[in-house]
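Asker: Here you go, one structure.
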Amino acid sequence: MNAIFPPTSRYALTPTASLERADGGTVTYLRRRFVPAPENFALLQWHRVVQGERLDNIAARYLGDSEQFWRLCDANRALRPEELTGTIGRQLRITLPLGIPGVPHA
């Protein structure tokens, strides 16, 4: 785990790398984070977007934490959060966190 970020951050499991500068100093940076394929998440339910909804409120409702909106982005293959609530009637996948298997046909 990456100690720079809290365990609930999307970057918590992203490894770091270091670059030595010409002056001898070291710059530590995050390696690229690849967004997982939505098919890798266990689906819990669907949510239909209604007018005026915000992604942070949807995250708070289903995930218990408004700052976990990024999990909805990952589960729905969205790079920009506003993509998910920009279309009224869009169906959003509400999923378990990556790596936690669901129960088929539950």
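The values are calculated or read from the model by the stated rules, or taken from the named source; none is laboratory data. Given the structure is predicted, the values throughout are model-derived calculations rather than measurements. Cβ: placed from backbone, ideal geometry, glycine included. Neighbour counts: every protein chain shown.
Asker: Could you check the range 54-106 and list, in sequence order, the residues that are in a loop (DSSP other than H, G, I, E, B), modelled with pLDDT under 95 and closer than 17 Å to VAL35 by Cα?
Answerer: Matches in the range 54-106: ARG77, ALA78, LEU79, ARG80, PRO81, LEU96, PRO97, LEU98, GLY99, ILE100.
Asker: Do you know which residues across the range 19-53 are part of a loop (DSSP other than H, G, I, E, B), over 19 Å from CYS73 (Cβ atoms) and among the charged types (D, E, K, R)?
Answerer: ARG21, ASP23, ARG31
Asker: Going through the range 28-64 one residue at a time, which ones are free of Cβ contacts under 8 Å to residues at least 40 places away in the same chain, within 15 Å of the chain's Cα centre (by Cα) and closer than 13 Å to GLN91 by Cβ?
Answerer: Matches in the range 28-64: ILE58 only.
Asker: Filter the range 15-61 down to the residues that are surrounded by fewer than 17 Cβ atoms within 10 Å (Cβ to Cβ) and of a type in the set (Phe, Trp, Tyr), then identify the one that is nearest to PHE5 (Cα to Cα).
Answerer: Step by step, filter the range 15-61, then rank; the result is TYR29.
Asker: Considering the range 65-89 alone, what residues qualify as being touching a residue at least 40 places away in the same chain (Cβ under 8 Å) and among the acidic types (Asp, Glu)?
Answerer: Once the filter is applied, which keeps residues that are touching a residue at least 40 places away in the same chain (Cβ under 8 Å) and among the acidic types (Asp, Glu), the range 65-89 yields ASP65, GLU67, ASP74.
Asker: Which of (1) surrounded by 10 or more Cβ atoms within 10 Å (Cβ to Cβ); (2) assigned by TED's automatic domain parsing to the domain that holds GLN91; (3) part of a loop (DSSP other than H, G, I, E, B) does TYR11 not meet, given it meets every other one?
Answerer: The single condition TYR11 does not satisfy is (2).
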